[in-house]
Amino acid sequence: MNIRKNIAVIGVLITFFCFYNFLIYTSKEKETPVKLSKKAIKGQKIWQDNNCWSCHQVYGLGGYLGPDLTNIYSTKDSNYIKAMLNSGIQSMPKFSFTEEDKEAIVAYLKTIDSTGYYPNYEAIIKPNGWVELKYKDEK
Ligand code: HEC
């Protein structure tokens, strides 16, 4: 009798397990990925061909000679980015891109900017020395 009961319990568990798996593998992702426009893809290619990665990071990944550029589009603007490319500064090299190429890089950085923040928090140092992290996506 006990064995029958155990088999029934295991049967119920297996049924739930199958149902759960079915739900997990058939439900669609809610977040739709951001797609790059043709212009932004061109910008990405220029970015890669000119090794911007070797000095700059996006979402904290990349070289560390220059700053992270994840949110450069919203913290500065397209003219600032173009001016940087035109003139260079300190170890940032001067590039001689066409206006179209600069627009493409800006489009690429704009798309990256629209995908999130890096870092995703602000660190606030309190008077007692403790650090409070304020996440940017918290409402
Ligand atoms: C040899 C390393 C190096 C390469 C390669 C490089 N950069 Fe830079 N970049 C820097 C450095 C260093 C700075 C910071 C300059 C400063 O403010 O003193 C910088 C600054 C910038 C800034 C301004 C950032 C800010 O917060 O003010 C932008 C935009 C930028 N770079 C874009 C690019 C792009 C796009 C490429 C590729 C086409 C590129 N960089 C390639 C080193 C580099």
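None of the figures in this text is laboratory data; all of them are computed from the coordinates on show. Because the structure is predicted, anything quoted here is derived from the model rather than measured. Heads up, the Cβs are rebuilt from the backbone with ideal geometry, glycines too, and the neighbour counts pull from every protein chain shown.
Could you work out [θ]222 nm for the chain from helices alone, using -39500 (n - 2.57) per DSSP H run of at least four and dividing by all its residues? Round to the nearest 500 deg cm²/dmol. The partial results should precede the final answer.
Values: 5 runs with 66 residues, N = 139.
Here the helix-only value at 222 nm equals -15000 deg cm²/dmol.
What is the helix-to-structure angle for 99-113, meaning the angle in degrees between its Cα long axis and the longest Cα principal axis of the chain, kept from 0 to 90 and rounded to the nearest 10?
Value to nearest ten degrees: 30.
Output wanted: per-residue J couplings in Hz (rounded whole) for segment 9-16, from phi through Karplus 6.51 cos²θ - 1.76 cosθ + 1.60, θ = phi - 60°, x for Gly and Pro.
4, 4, x, 4, 4, 4, 4, 4
Of all trypsin sites (Lys or Arg not before Pro) in segment 74-138, which ones are in loop regions per DSSP and have a Cβ with at most 10 other Cβ atoms within 10 Å?
Values: sites: Lys76, Lys82, Lys94, Lys102, Lys110, Lys134, Lys136; in loops: Lys76, Lys94, Lys136.
The qualifying sites are Lys94.
Using the reciprocal of the averaged 1/r over all distinct C-alpha pairs, how large is the Kirkwood radius of the chain in Å? Let's see the in-between values first.
On the way: mean 1/r = 0.0524 Å⁻¹.
It is 19.1 Å.
Short version: ³J(HN,Hα) in whole Hz for each residue of segment 35-43, in order, from phi by Karplus 6.51 cos²θ - 1.76 cosθ + 1.60 (θ = phi - 60°), x for Gly and Pro, what are they?
3J(HN,Hα) across segment 35-43, in whole Hz: 9, 7, 6, 4, 5, 5, 5, 4, x.
Once you charge only the Cβ atoms, +1 for Lys and Arg and -1 for Asp and Glu, what is the size of the charge dipole of the chain about its Cα centre, to the nearest 20 debye? Numbers along the way, then the final one.
Details: 18 positive and 14 negative charges, 106 e Å.
It works out to roughly 500 debye.
When the distances between all Cα atoms of segment 38-113 are binned every 5 Å from zero, what whole-number percent does each bin get?
3, 17, 28, 34, 16, 2, 0
Of all the stretches in the chain, which is the longest one without any exposed loop site, taking GluC sites (Glu not before Pro) in a DSSP loop (any state but H, G, I, E, B) with at most 12 other Cβ atoms within 10 Å? List each step's numbers first, then the result.
Values: sites that count: Glu29, Glu31, Glu138.
Longest site-free region, per DSSP loop and neighbour criteria: 32-137.
Checking the table Lys30/Lys136; Lys45/Lys134; Lys94/Lys136; Lys38/Lys136 against a 28 Å threshold on Cα-Cα, which pairs fail? Don't skip to the end; give the middle numbers.
Values: Lys30/Lys136 21 Å; Lys45/Lys134 35 Å; Lys94/Lys136 34 Å; Lys38/Lys136 30 Å.
Result: Lys45/Lys134; Lys94/Lys136; Lys38/Lys136 exceed 28 Å.
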